[in-house]
Amino acid sequence: KVNAKDSKNTFYYGPFPSGYGAKPILKLLQHETLYENGLLIKNKDYNFWINQFNKIKEILSFKNNNYINELTNKMHQAANNMQFELALFLRDGLTYLKKLKESQIIELSQYKNIDVFAYKTDEKLIFATVLFYRYGILINKVNLTIPLGLSVDESLRVFFEQFYEDKILPDNFIVQEELLNFDLNLSSEYKFISPKIGTNKKVLDLAILNLNDYYEKEHLVIKNQLDKASNMLDSLNKYLNLPKLKNIVVFDNSNINNINPVGVAIVYTNGIKNKSLYRKFNLEALNDRSADVEYIKQSISKFFSSNKNTKDYDLVIADGGIQQVNEAKKTLKMLNINIPGIGLVKNEFHKTKALIDLDMNEIHISDLEL
């Protein structure tokens, strides 16, 4: 992942082509910058190592063929001098570098940072691929699935906000044209472009190619997970008889001796954990009433009072017994939110043993898979 931390001493590079690892190129770069006449370089000043660092960046940027030509001459010279082991080493390094050069799109170097985002929807999920380019070099690729919540645009909005919360926001996002038609309500820092020709279109096509490959490999596996989740929701709804159970939020809290209490909201969409909607809260420690009851109230209040969180949930689940469920319902009523609520009762092994249903009855769960 491309985290938000960056510095002048950091240079991201990769990923390497399939079948071509980093180790051979790493050895070549070490040979070129850390050794001189076969000996490890020592006792050089700061400026020397800055120059060596810049040399590595120059080699990997492929801005011209100077280094590859120089390496080719060194290889032939070593072979002529019957230094066959060195010639073989340089030949392998040259092969890897040429292959690596083919995978990079240098025209993108006009921008510092570009992320390419491609997606497709399938039933209850959004499949997506993100390519990360830094100074024209592909440094990472991420394939992921996003549970489809209220709508595609709302699900994508939440994804972008959460995914880039701790990552470098690129200068531009390259996206499919249909994404420009969505009302994502993101800040002006998110700049989306949809190219029709040129290099930007090529990298978008590359992202779509990766996306289709990911989809073909994973969608049947994920469909099986969705089918299993759907069966579990049906089992749960036998106890509740609600019109639908698409979006569920579970509230839990943890603390040690009532110190540094933390609350969490865990969201399920179509029975699948929707991590982009997870929330974590630092709670105020109070000693004037039952801690678990108070913390359920604080967590629900913080979650539903935030403008970033939708209030369109089909069920609220409080981790606890009758007291916690009572507090959850009182808090929702205070917030003028009409969402049914139930509770989960745990045993001594912290496994769910019973439900507090909509009528505040404790019901033993016979279905251990629920």
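Each value in this text was obtained by applying a stated rule to the coordinates, not by laboratory testing. In this text the structure is predicted, and so the values were computed from the model without any measurement. Quick reminder, even Gly has a Cβ in these numbers, built from the backbone with ideal geometry, and neighbours come from all protein chains shown.
State whether segment 178-248 is rounded, prolate or oblate according to the following rule on the C-alpha gyration tensor (a ≥ b ≥ c being the square roots of its eigenvalues): a/c under 1.5 gives rounded; otherwise a/b larger than b/c gives prolate, and the remaining case gives oblate.
On the way: a/c = 5.01, a/b = 1.84, b/c = 2.72.
It is oblate, given that a/c is not under 1.5 and a/b is not larger than b/c.
Which aspartates and glutamates have a Cα less than 13 Å from the Cα of Lys228, not counting those fewer than 8 places away in the same chain?
Partners found: Glu369.
With point charges of +1 on the Cβ of Lys and Arg and -1 on the Cβ of Asp and Glu, referenced to the Cα centre of the chain, which listed residue (Thr269, Ile146, Leu211) lies farthest in the positive direction of the dipole?
Ranked along the dipole, the leading option is Leu211.
So if each residue of separation counts as 0.36 nm, and I subtract the Cα-Cα distance between Lys346 and Thr33, what length gain in nm does that give?
Working: separation 313, 0.36 × 313 = 112.68 nm, distance 6.02 nm.
Full-extension gain reported as 106.7 nm.
With axes computed from alpha carbons, what is the tilt in degrees of helix 291-305 against the longest principal axis of the chain, rounded to the nearest 10 within 0 to 90?
70
Taking the Cα centre as origin and putting +1 on Lys and Arg beta-carbons and -1 on Asp and Glu beta-carbons, what dipole magnitude results for the chain, to the nearest 20 debye? Can you show the working numbers first?
Numbers: 47 positive and 44 negative charges, 198 e Å.
Here the chain has a charge dipole of around 960 debye.
Quick one: Karplus J couplings for segment 112-119, per residue in order, coefficients 6.51, -1.76, 1.60, θ = phi - 60°, nearest Hz, x for Gly and Pro?
Per residue, the Karplus-derived 3J(HN,Hα) values read 6, 10, 9, 10, 9, 10, 10, 8 Hz.
What is the magnitude of the charge dipole of segment 109-217 about its Cα centre, with +1 placed on the Cβ of each Lys and Arg, -1 on the Cβ of each Asp and Glu, and no other charges, expressed in debye to the nearest 20? Present the calculation step by step, with values, prior to reporting the outcome.
On the way: 12 positive and 16 negative charges, 98 e Å.
Result for segment 109-217 is approximately 480 debye, rounded to the nearest 20.
For the Cα atoms of the chain, what angle does the longest principal axis make with the long axis of helix 66-80, in degrees from 0 to 90, nearest 10?
The helix 66-80 is inclined about 60 degrees to the chain.
By its C-alpha gyration tensor, with a ≥ b ≥ c as the square roots of the eigenvalues, how is segment 22-104 shaped: rounded for a/c under 1.5, else prolate for a/b larger than b/c, else oblate?
Values: a/c = 1.92, a/b = 1.14, b/c = 1.69.
Because a/c hits 1.5 or more and a/b fails to exceed b/c, segment 22-104 counts as oblate.
Excluding residues fewer than 8 places away in the same chain, name every one of the aspartates and glutamates whose C-alpha is closer than 15 Å to that of Lys55.
The reachable aspartates and glutamates, counting only those whose Cα sits under 15 Å from Lys55, are Glu32, Glu36, Glu70.
Which angle from 0 to 90°, rounded to the nearest 10, does the C-alpha axis of helix 152-163 make with the longest principal axis of the chain?
It is inclined by approximately 60 degrees.
Suppose we flag GluC sites (Glu not before Pro) only when DSSP calls them loop and at most 11 other Cβ atoms lie within 10 Å. Which is the longest uninterrupted stretch of the chain? Walk me through the numbers before you get to the answer.
Working: sites that count: Glu123, Glu165, Glu189, Glu284, Glu348, Glu369.
No qualifying site falls inside 1-122, the longest such stretch.
Residue separation times 0.36 nm, minus the C-alpha to C-alpha distance between Thr95 and Val152: what's the value?
Working: separation 57, 0.36 × 57 = 20.52 nm, distance 4.43 nm.
Difference between extended and current length: 16.1 nm.
Specify whether the C-alpha gyration tensor of segment 247-364 places it in the rounded, prolate or oblate class, a ≥ b ≥ c being the square roots of the eigenvalues: rounded for a/c under 1.5, otherwise prolate if a/b is larger than b/c and oblate if not.
Details: a/c = 1.30, a/b = 1.05, b/c = 1.24.
It comes out rounded by the Cα gyration axes.
How far apart, in nanometres, would the label points at Ile41 and Glu165 be if each is projected 7 angstrom from Cα along the Cα-to-Cβ direction?
For the pair Ile41/Glu165, the computed spacing is 4.4 nm.
Quick check: residue separation of Leu209 and Asp227 times 0.36 nm, minus the Cα distance between them. What number comes out in nm?
On the way: separation 18, 0.36 × 18 = 6.48 nm, distance 2.69 nm.
Contour length minus Cα-Cα distance gives 3.8 nm.
Rounded to the nearest 0.05, what FRET efficiency is calculated for Leu180 and Lys55 with R0 set to 25 Å and r the Cβ-Cβ distance?
Details: r = 41 Å, r/R0 = 1.66.
The computed FRET efficiency comes out at 0.05.
Taking the chain, how much of its Cα-Cα pair set, in percent, is spaced more than 26 angstrom apart?
Numbers: 43576 of 68265 pairs.
Value for the chain: 64 percent of Cα pairs lie more than 26 Å apart.
Find, among the trypsin sites (Lys or Arg not before Pro) in segment 184-239, those assigned to loop by DSSP (not H, G, I, E, B) with at most 10 other beta-carbon atoms within 10 angstrom.
Values: sites: Lys191, Lys196, Lys201, Lys202, Lys217, Lys223, Lys228, Lys238; in loops: Lys191, Lys196.
Within segment 184-239, the qualifying trypsin sites (Lys or Arg not before Pro) (loop, at most 10 other Cβ atoms within 10 Å) are Lys196.
Could you tell me which of the pairs Lys120/Lys246; Lys141/Lys273; Lys141/Lys280; Lys191/Lys329; Lys196/Lys246 are separated by over 31 angstrom between their Cα atoms in the structure shown? Don't skip to the answer; put the middle values down first.
Values: Lys120/Lys246 20 Å; Lys141/Lys273 22 Å; Lys141/Lys280 27 Å; Lys191/Lys329 41 Å; Lys196/Lys246 37 Å.
Violating the 31 Å Cα-Cα cut-off are Lys191/Lys329; Lys196/Lys246.
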